[in-house]
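Derivation of every value follows stated rules applied to the coordinates shown; laboratory data play no part. Computed from a prediction, not measured in an experiment: that's the story for all the values here. As a convention, Cβ positions derive from the backbone with ideal geometry for all residues, glycine included, and neighbour counts pool all protein chains shown.
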Amino acid sequence: MKNQFRLVLILFVAAFFAVAVHEHLFHVNSEYYFTWIWQWIPSGTVYPVFILLAIPFFLGQLIYLRRPARVWIALTAITLSTFCLLIGAAAVEKDPPSFSRITDVVQSRFSTGYFATAAMLMRKNISIGELLGRYPAMMDHFYLHPRQKPPGLILLEMGIIHSFGNGNAGALASGFLLAVLASLCVITTYLFIICYTGNRDAAFAGASYFALCPSLLLFFPDVDVGFPNLTALLAILWALALKKNQVRYALAFGLTYAITGLITYLPGVLIIFLAGFTWLQQRSDPQCRWSRIARHFAISAGVFAAFYLVLWAITGFDPIATLRESVRQVDILFDKLIDVYHYPPHSLPWTFFTGLYDFALGSAWISFALAGCYFAAAVKNGLTPMTRIALVSVSQFIIIAATGLLQTETARVWIFMYPMLMLPIGLELANWWPRQRIAVYVALLLLTMLMCQSMQFIGPAM
């Protein structure tokens with residue numbers, strides 16, 4: 001009976017936003033500091049594509065329902081569906097639908113910029129060693145997004161251009177590689193949730209929800225859609241290091257964090273979640289003493305430092321100067337947004353609410369309602385180990401919002417934190433009847449289709 005009431009609540013919220021998005025009402029596309037532009041794509045273009053490509057998703061649900069032991073077959077079907085939906089959602093942005101939408105955005109100097117920057121560097125015959133050695137000084141000459149990022153994505157695009165060229169073939173190869181990585185977020189989110197909860201049903205439900213999220217599907221081919229993999233991998237490795245007390249996991253964690261730092265700085269803020277989990281683990285596991293934690297932290301930090309020391313010795317790459325220049329470029333960008341484009345100045349406490357709203361928008365709003373249902377039940381039933389880790393998970397993005405870090409476009413910028421939101425969603429849906437879960441996924445798919453039809457998440461490639 002309780003689940004029936006919750007389902008009605010979720011469907012009511014979904015219906016409200018479905019009507020609001022379809023009719024362009026109530027400024028649901030806006031969070032004051034940034035507005036997603038309204039658009040209109042014909043229903044006959046969007047809906048048949050999404051519905052057809054979502055069939056493997058629902059087949060995966062059926063497989064898991066009948067044979068839970070075949071979870072990996074079910075996850076494969078869902079991952080395939082996500083991959084196809086990523087491509088399809090990008091294609092329908094063109095009239096008529098075309099893969100050229102992917103190549104246009106990948107090659108764009110401003111929508112993404114990594115491929116264009118890599119092509120520019122290769123035309124100037126700048127080698128990888130020269131790029132790394134001079135990287136902070138060269139950042140001011142890059143296109144928009146690479147100016148604020150470490151060199152990893154540019155290096156990846158240079159490798160793709162070397163293999164496929166800097167034309168449409170190379171851009172399409174880059175786009176399809178990103179689609180593969182983005183669709184793998186379904187798998188890594190499943191592994192993340194099961195690692196931290198031990199609940200296979202919750203892991204499957206949370207990963208399933210993420211597979212249909214608007215942010216994951218509609219920001220492609222922006223590179224942010226692949227970042228949840230890094231979040232999940234880092235969290236899993238640290239958990240294994242503390243739980244199993246094996247040095248190899250600490251070594252892998254340190255190396256993975258170092259490589260992640262060459263790709264994006266965003267997972268650097270995961271220290272909130274990792275510290276929270278460490279505290280919980282120390283309190284719940286008598287074997288996990290502070291000496292064990294300190295040892296694994298020291299090993300990880302040593303590997304991290306050694307990686308960059310060796311990289312500096314070989315190439316001259318300066319990670320500290322690169323980070324400082326990235327911060328300076330972000331400040332320059334915000335100054336331009338406010339002074340030139342007349343965006344309102346960003347300030348707390350208002351960015352707390354707008355950041356969380358856009359994060360909810362990117363997960364189709366009902367995500368927050370589902371997480372709220374889980375915590376409402378937890379208040380009545382008392383704290384359990386799963387509830388505690390769920391609280392740590394949501395504290396990750398709540399603290400980020402409260403401190404004013406990573407402001408604006410949080411539906412895109414905060415994609416890397418969605419595995420944390422999927423954990424309480426998965427725990428909630430795991431207690432629902434199968435038909436109730438399917439109803440939620442149908443509502444989620446409908447909202448994502450409507451947002452694809454009515455809201456522009458990546459502007460015309462320039």
Open item on the list: Under the rule a/c < 1.5 gives rounded, and otherwise a/b versus b/c splits prolate from oblate, where does segment 270-383 land using the Cα gyration tensor?
Closed with: oblate
Task: Net length gained if the chain between HIS162 and GLN246 were fully extended (0.36 nm per residue, minus Cα distance) - done: 26.3 nm
- [ ] Provide the FRET efficiency to the nearest 0.05 for the GLN39-SER98 pair, computing r from the beta carbons and using R0 = 22 Å.
- [x] 0.85
TODO: Report the chymotrypsin sites (Phe, Trp or Tyr not before Pro) located in segment 27-80 that are in a DSSP loop and have at most 14 other Cβ atoms inside 10 Å of their Cβ, or state none.
DONE: TRP40
Open item on the list: Report the Cα-based extents of the chain along its three principal axes, largest first, to the nearest Å.
Closed with: 66, 60, 45
Open item on the list: Classify segment 1-129 from the C-alpha gyration tensor, please: rounded if a/c falls under 1.5, else prolate or oblate depending on whether a/b exceeds b/c.
Closed with: oblate
Open item on the list: To check my understanding: the extent here is largest minus smallest coordinate of the Cα atoms along each principal axis. What are those three numbers for segment 372-462, in Å, largest first?
Closed with: 52, 38, 16
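If you take every residue apart from LEU144 with its C-beta less than 11 Å away from the C-beta of LEU144, what net charge results, scoring Lys and Arg +1 and Asp and Glu -1? Can you show the working numbers first?
Values: positive: ARG109, ARG147, LYS149, LYS336; negative: none.
Once all neighbours under 11 Å are counted, the net charge is +4.
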Task: About the Cα centre, charge dipole magnitude for segment 2-456 (Lys/Arg +1, Asp/Glu -1 at Cβ), debye - done: 1560 debye
Task: Net charge of Cβ neighbours under 15 Å - reference GLY404; Lys, Arg +1; Asp, Glu -1 - done: -4
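What's the FRET efficiency of ILE314 with ILE271 using the Cβ-Cβ distance as r and R₀ = 25 Å, to the nearest 0.05?
Once the sixth-power term is evaluated, E becomes 0.35.
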Task: Longest segment of the chain lacking trypsin sites (Lys or Arg not before Pro) that sit in a DSSP loop with at most 15 other Cβ atoms within 10 Å - done: 290-462
Task: 10 Å-binned pair-distance histogram of segment 226-292 (Cα, whole percent) - done: 20, 53, 24, 3
Open item on the list: Debye calculation, C-alpha points only, no solvent: report log10 I(q)/I(0) for segment 221-333 at q = 0.16, 0.23 Å⁻¹, in the same order as the q values.
Closed with: -0.81, -1.29
TODO: Go ahead and estimate [θ] at 222 nm for the chain from helices alone: -39,500 (n - 2.57) per DSSP H run with n ≥ 4, summed, over the residue count, rounded to 500.
DONE: -23000 deg cm²/dmol
Task: Cβ-based exposure ranking for VAL225, VAL8, in which fewest neighbours within 10 Å come first - done: VAL8, VAL225
TODO: For each of VAL186, VAL394, VAL19, count neighbouring Cβ atoms within 10 Å of the residue's Cβ, then give the residues from fewest to most.
DONE: VAL19, VAL394, VAL186
TODO: Summarise the long-distance tail of P(r) for segment 7-72 by giving the % of C-alpha pairs beyond 15 Å.
DONE: 71 percent
Task: Residue list for segment 265-293, given a label point 7 angstrom along the Cα-to-Cβ vector of SER395 and an amide N cut-off under 15 Å - done: 270-284
- [ ] Taking 7 Å along the Cα-to-C-beta vector as the label spot, tell me the TRP72-ASP140 distance in nanometres, rounded to one decimal.
- [x] 5.3 nm
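Enumerate by residue number the chymotrypsin sites (Phe, Trp or Tyr not before Pro) in segment 106-140 meeting two conditions: DSSP loop (anything except H, G, I, E, B), and at most 15 other Cβ atoms within 10 Å of the site's Cβ.
Sparse-neighbourhood loop chymotrypsin sites (Phe, Trp or Tyr not before Pro): PHE110.
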Task: Estimated inter-spin distance, ARG123 and SER347, nm [label 7 Å along Cα→Cβ] - done: 4.3 nm
Task: Relative contact order (%) - the chain, alpha-carbon pairs under 8 angstrom, separation at least six - done: 27 percent
